[in-house]
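Reviewing the structure listed below.
The values are calculated or read from the model by the stated rules, or taken from the named source; none is laboratory data. Predicted, not measured: the structure shown is a model, and the values here were computed from it. Every residue, glycine among them, receives a Cβ derived from its backbone with ideal geometry; neighbour counts consider all protein chains shown. In case anyone asks, the SASA skips ligands and DNA or RNA and just uses the protein heavy atoms, side chains included. Shrake-Rupley method; radii C 1.70, N 1.55, O 1.52, S 1.80 Å.
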There are 2 protein chains.
Amino acid sequence: MSVLVVGSVAIDSVQTPHGEAESVIGGAATYFALAASFFTPVRMVAAVGSDFPAAVLEDLRSRGVDVGGVETRRGTTLRWSGRYHEDMNVRDTLALDLGVFADFHPQLPASFRDSSYVFLANIDPRLQAAVLDQLPAPGLVGCDTMNHWIAESRPDLERLLKRVGILVINDEEARLLSGERNVVRAARQILGMGPRIVLIKRGEYGVIQFSSEGIFAVPAFPLEDVFDPTGAGDTFAGGFMGQLARSGDGSERGLRRAIVYGSVMASFVVEDFSYRRLQSLTPEAIEQRYRQFVSLTNIEGV
Amino acid sequence: MSVLVVGSVAIDSVQTPHGEAESVIGGAATYFALAASFFTPVRMVAAVGSDFPAAVLEDLRSRGVDVGGVETRRGTTLRWSGRYHEDMNVRDTLALDLGVFADFHPQLPASFRDSSYVFLANIDPRLQAAVLDQLPAPGLVGCDTMNHWIAESRPDLERLLKRVGILVINDEEARLLSGERNVVRAARQILGMGPRIVLIKRGEYGVIQFSSEGIFAVPAFPLEDVFDPTGAGDTFAGGFMGQLARSGDGSERGLRRAIVYGSVMASFVVEDFSYRRLQSLTPEAIEQRYRQFVSLTNIEGV
């Protein structure tokens with residue numbers, strides 16, 4: 001089953017303690033799509049400017065991403081530049097130019113409207129809702145958001161959350177959304193807002209899933225070099241949703257496996273700037289790191 | 001097999017976002033001994049002042065802790081008072097009075113000198129070394145330390161580490177000791193200093209073990225209320241070393257199980273001030289939470 005993603009495509013300039021990359025490809029939808037493409041066909045809805053390299057869309061297409069929903073508009077692509085601190089959990093945005101993304105109003109091609117697996121990457125919750133309005137029968141809807149929308153568009157976000165199955169956010173966002181500092185209390189609050197599952201991303205400490213089935217926690221893969229954390233969360237979501245769509249297994253076990261596949265993909269993407277590491281990745285390497293995750297976390301089965 | 005612990009006993013006054021406790025029992029050796037006592041007989045070496053309540057030593061004795069190495073000296077017991085922030089990973093020391101602990105020179109009773117499982121809680125590394133000098137045949141030696149000794153007594157600490165099997169420290173201490181910010185690099189550096197195993201405590205994010213066998217990471221148990229984090233690390237160490245001494249299983253599997261038992265004990269102790277929660281704890285509750293840890297972390301076996 002294919003997975004639909006709606007979100008940003010960007011041109012990023014990134015400085016990390018390990019170096020810098022100028023004008024590389026970024027954006028939540030890009031990271032998501034490339035990661036998910038290792039598991040299942042992907043449908044992508046986004047907007048890029050006339051400055052965007054056609055070769056990138058061609059590369060995505062060659063990897064099984066249907067870019068029929070990526071609109072090329074007169075103007076410039078969203079540009080973000082940022083700098084990570086020594087503690088790479090902290091970053092400063094140096095510049096942001098929304099470009100054509102400022103007027104992004106996602107329009108789904110007719111051929112995308114039968115999508116069942118849907119991921120609404122971080123955009124205005126009213127636009128996320130407008131995407132769902134175009135889908136007659138969404139099955140599993142995953143969703144991301146950010147502090148800005150939680151603070152400035154809470155009513156829209158709360159309305160949206162009633163239509164979302166899985167919310168994927170980071171710990172800071174979970175605190176802001178719930179008003180609770182403790183992660184368990186925060187998750188319980190958020191589960192009361194609509195989502196059946198809340199996935200809280202904790203950066204180098206991994207991911208923790210809350211649902212009525214209980215709690216599942218998985219550490220991040222311990223890496224000696226985290227080169228560039230940009231896109232790790234979206235890559236996680238892409239691996240996670242991609243594996244769910246591939247397996248069709250929404251059981252607790254299926255969800256846990258999907259979370260580990262998401263973590264595997266995130267662990268690769270941070271090994272290089274932009275999504276370069278994903279471009280050279282093989283299914284064998286993914287499976288090998290999945291097994292390493294099992295070994296990393298297994299209490300009884302060593 | 002019994003486990004020997006050498007370290008501080010204290011009277012603490014603690015403020016947390018949940019309340020405060022005045023003049024309650026604390027100290028690394030106390031937390032360690034009480035936690036380990038659920039697994040194996042414990043031998044305890046410490047110093048207390050004439051103000052120390054005899055009932056506490058009697059309570060420890062009744063739980064299988066041989067307090068024959070706890071010296072009562074003229075003067076006051078070590079007193080610490082501290083305040084935790086809303087983010088309970090951060091605390092301020094409000095007052096510290098070393099009392100009789102200032103002249104603590106651990107003397108092992110003759111009956112303790114055949115100890116094989118040994119834990120050197122956080123004290124001056126020269127004193128930790130002096131304890132080892134009194135043990136003809138230490139088997140497994142675990143050790144804690146703190147920023148102060150890393151910064152001020154590095155040569156002594158480095159000499160000690162060559163005699164230590166398992167170093168149990170927190171992430172900040174690991175960074176300071178190794179000079180590496182990345183946890184994997186930090187652990188590799190520290191393994192090069194002597195210990196066969198490095199256990200890095202990451203507070204609410206759990207524990208990560210490094211050895212030549214590989215890496216094992218376990219999250220902390222997700223709790224809705226962390227009442228008082230004081231002693232969590234020492235309680236972890238007590239459960240960990242206690243289980244190792246009980247099982248005699250130093251294999252990778254045995255180590256992993258012991259880490260989970262340590263995490264179980266730490267998850268209990270933070271549920272109330274001081275070590276109160278341990279006083280009412282049952283072996284059944286420990287086993288139940290152990291199983292919850294398996295369920296919390298198990299990728300494939302749900």
### Query
Would you pick out the residues in the stretch B:112-134 that are open to solvent by 70 Å² or more (accessible area, probe 1.4 Å) and either touching a Gly at 6+ places or on another chain (Cβ under 6 Å) or within 22 Å of B:Ala245 (Cα to Cα) (or both)?
B:Arg113, B:Asp114, B:Asp133
### Complete set of residues in the stretch B:1-15 that are touching a Lys or Arg at 6+ places or on another chain (Cβ under 6 Å) and over 15 Å from B:Met241 (Cα atoms)
B:Ile11, B:Gln15
### Query
What tally of residues in the stretch A:221-251 results from selecting those that are more than 21 Å from A:Gly27 (Cβ to Cβ) and open to solvent by 10 Å² or more (accessible area, probe 1.4 Å)?
12
### Message
Against the definition (surrounded by fewer than 16 Cβ atoms within 10 Å (Cβ to Cβ) and under 23 Å from A:Ser115 (Cα atoms)), how does A:Gly179 come out, yes or no?
### Response
no
### Query
In the stretch B:279-297, what residues are away from chain A (no Cβ under 14 Å), touching a residue at least 12 places away in the same chain (Cβ under 8 Å) and either surrounded by fewer than 20 Cβ atoms within 10 Å (Cβ to Cβ) or under 27 Å from A:Val218 (Cα atoms) (or both)?
B:Gln279, B:Pro283, B:Ala285, B:Ile286
### Message
As an exercise: evaluate B:Glu300 against (1) touching a Lys or Arg at 6+ places or on another chain (Cβ under 8 Å); (2) touching a residue at least 24 places away in the same chain (Cβ under 8 Å); (3) within 11 Å of another protein chain (Cβ to nearest Cβ) and give the number of the one condition it does not meet.
### Response
(2)
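Hey, among A:Gly19, A:Gly27, which residue is crowded, with 24+ Cβ neighbours inside 10 Å and closer than 19 Å to A:Arg277 by Cβ?
Values: A:Gly19 fails: crowded, with 24+ Cβ neighbours inside 10 Å.
On inspection, the qualifying residue turns out to be A:Gly27.
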### Query
So how many residues does the stretch A:201-216 have that are open to solvent by 40 Å² or more (accessible area, probe 1.4 Å), under 18 Å from B:Val207 (Cα atoms) and more than 8 Å from chain B (Cβ to nearest Cβ)?
1
### Message
Return the pair list, or none, for Cβ contacts closer than 7 Å from residues in the stretch A:71-95 that are without any contact (Cβ under 8 Å) to a residue 12 or more places away in the chain and within 23 Å of A:Arg43 (Cα to Cα) to residues that are of a type in the set (D, E, K, R) and surrounded by 14 or more Cβ atoms within 10 Å (Cβ to Cβ), at least 6 apart or on different chains.
### Response
none
### Task
Pairs only if they're at least six apart or on different chains, beta carbon under 7 angstrom, first in the stretch A:247-260 and within 7 Å of another protein chain (Cβ to nearest Cβ), second open to solvent by 50 Å² or more (accessible area, probe 1.4 Å); list them, first residue then second.
A:Glu252/A:Glu213; A:Glu252/B:Val302; A:Arg253/B:Val302; A:Arg256/B:Val302
### Query
Tally time: how many residues in the stretch A:95-107 are in contact with a Gly (Cβ under 6 Å, 6 or more places away or on another chain) and at negative phi?
1
### Task
Taking the residues in the stretch B:160-188 that are free of Cβ contacts under 8 Å to residues at least 12 places away in the same chain and over 14 Å from A:Asp87 (Cβ atoms) as candidates, determine which candidate is nearest to the other protein chains (Cβ to nearest Cβ).
B:Arg185
#### Entry: Matching entry among B:Ser50, B:Ser62 (being surrounded by fewer than 19 Cβ atoms within 10 Å (Cβ to Cβ) and closer than 28 Å to B:Arg246 by Cα)
B:Ser62
